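Below is one structure, written out as structure tokens, with a few remarks after it.
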Amino acid sequence: MSITRKAKYSVAIADDHVLVRKALGRLINTFADYFILFEANNGEEVIKIINNREMQLPDILILDVNMPGMNGYETATWINNHFPQIKVLALSMLNDESVIIKMLKSGAKGYIMKNVEPDDLKEAFDSIIKKDFYLPDYISGKVISGLQKDVLSLSEKIELTPKEKTFLQYLCTELSYKEIAQKMFVSPRTIDDYKSSLCDKLKVKTRVGLVIFGIRYGLIDINTD
């Protein structure tokens, strides 16, 4: 029985662990509407394959964060700069705020752990295709209130002060709150005030929530270090 690939979304996998990569591939090929286009061992292989003009571009690229050579951050940045139509889903064992923020700032559309259930992975694919974003509750601790819903109208009504915009941009870095205060020439108490104000305006509760909202709705320039 032949399978009509035109009606499905293509998925590529970049992971240096062969067993993980192969198991993921077999699983994804069982999902309705998705099929594996190619597999790669690291970022360099992804670029080499994608740069082959005869190769179809994947709709989704599952990208391991920690790979030898060109890692997930560097690969996601390259994809975002050269083929932004490819939706990157970061894959990691790390439920770490700084890692999540760095991957999203590099252009990833979502972040998921390697120990998820198959249904969660399918949900991530569907969300990235339909909503252009995915972040599961277990990563955010359910602190990103309504972020995965259609709240674009909320961002359009938000008015941020210049200081709040600068603070929001610094949240994308690896700087601590104390270091951000030093950069902005304000007191740590003022930084707390900025955070409280932004959390109230954006309806989120944590630093990662602020960054995710800011990136998704264009309040943060991801090309600025």
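Taking Asp221, is it within 24 Å of Trp78 (Cβ to Cβ) and open to solvent by 60 Å² or more (accessible area, probe 1.4 Å)? Yes, satisfied. If you go through the stretch 57-84 and keep only what is surrounded by fewer than 23 Cβ atoms within 10 Å (Cβ to Cβ) and within 22 Å of Asn29 (Cα to Cα), you end up with Leu57, Asp59.
Where helices (runs of 4 or more DSSP H) fall entirely within the stretch 1-101, those with at least 2 residues that are among the polar types (S, T, N, Q), out of contact with any His (no Cβ under 8 Å at 6 or more places or on another chain) and touching a residue at least 60 places away in the same chain (Cβ under 8 Å) are at 72-82. The sole residue among Glu39, Glu54 that is more than 19 Å from the chain's Cα centre (by Cα) and open to solvent by less than 60 Å² (accessible area, probe 1.4 Å) is Glu39.
For Ala108, the stated conditions hold: it is outside any helix (DSSP H, G or I), buried (at least 20 other Cβ atoms within 10 Å of the Cβ) and free of Cβ contacts under 8 Å to residues at least 60 places away in the same chain.
Per-residue answers, yes or no, for (1) under 15 Å from the mean Cα position of the chain (by Cα); (2) open to solvent by less than 10 Å² (accessible area, probe 1.4 Å); (3) among the small types (Gly, Ala, Ser):
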site: Val11; (1), (2), (3): no, yes, no
site: Thr30; (1), (2), (3): no, no, no
site: Ile86; (1), (2), (3): yes, yes, no
site: Ala90; (1), (2), (3): yes, yes, yes
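The values are calculated or read from the model by the stated rules, or taken from the named source; none is laboratory data. Quick caveat, the model's predicted, so the values are computed rather than measured. Virtual Cβ from ideal backbone geometry, glycine too; neighbours counted across all protein chains shown. SASA here: full protein model, heavy atoms, side chains in, ligands and nucleic acids out. Shrake-Rupley method; radii C 1.70, N 1.55, O 1.52, S 1.80 Å.
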